[in-house]
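The values are calculated or read from the model by the stated rules, or taken from the named source; none is laboratory data. Computed from a predicted structure; not experimentally measured. Neighbour counts run over all protein chains shown; Cβ positions are idealised from the backbone, glycine included. Keep in mind that these areas ignore ligands, DNA and RNA; they rest on the heavy atoms of the full protein, side chains included. Shrake-Rupley method; radii C 1.70, N 1.55, O 1.52, S 1.80 Å.
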Amino acid sequence: QVQLVESGGGLVQAGGSLRLSCAASGGTFSRYSMGWFRQAPGKDREFVAAIGWSGGITAYSDSVKGRFTISRDNAKNTVYLQMTSLKPEDTAVYHCAPARSYGYSWAPNEGLFNSWGQGTQVTVSS
């Protein structure tokens, strides 16, 4: 199964940009749809963005649509999340994982990974 390492988070002022990276090893990364999920203090984990195995399909939560862009490079076993126009409400720990779709919603595909990575903290100041 795939192992995941997230990076690229940090502290940024509102309106700024960050690019998150998720490096995968093991499994068969190029066959997996991948997603980004985030969890803010005191809140449930929520879906942020997802991308199909070939990159031809992308999906975003309404809260980030138009501001975030998900992409992947299968040759590098890496998925990215380019975040622009960041808002304080984007503050959260961001994780990546194999993902599956259910209508409007996406969820982690638990059968394709053993455990969550360490995540990367994104903090946006007002």
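Full extension of the chain segment joining Ala107 with Lys87 gains 4.8 nm, where the gain is 0.36 nm per residue of separation less the Cα-Cα distance.
Apolar share of the accessible surface for the chain: 48 percent from carbon plus sulfur atoms, 1.4 Å probe. Per-residue packing, averaged as other Cβ atoms within 10 Å, sorts the ranges 87-100, 42-55 into the order 87-100, 42-55, beginning with the highest.
Other residues within the sphere of radius under 15 Å centred on the Cβ of Ala107, judged by their own Cβ, net out at 0 (K and R +1, D and E -1).
Solvent-accessible area per residue in the chain equals 51 Å², computed with a 1.4 angstrom probe and all protein chains kept.
Put a plus charge on the Cβ of each Lys and Arg, a minus charge on the Cβ of each Asp and Glu, and nothing anywhere else: the dipole of the range 31-70 about its Cα centre is then about 80 debye. Using a Cα-Cα cut-off of under 13 Å, which aspartates and glutamates could be cross-linked to Lys65, ignoring same-chain neighbours fewer than 8 residues away? Correct list for Lys65: Asp90.
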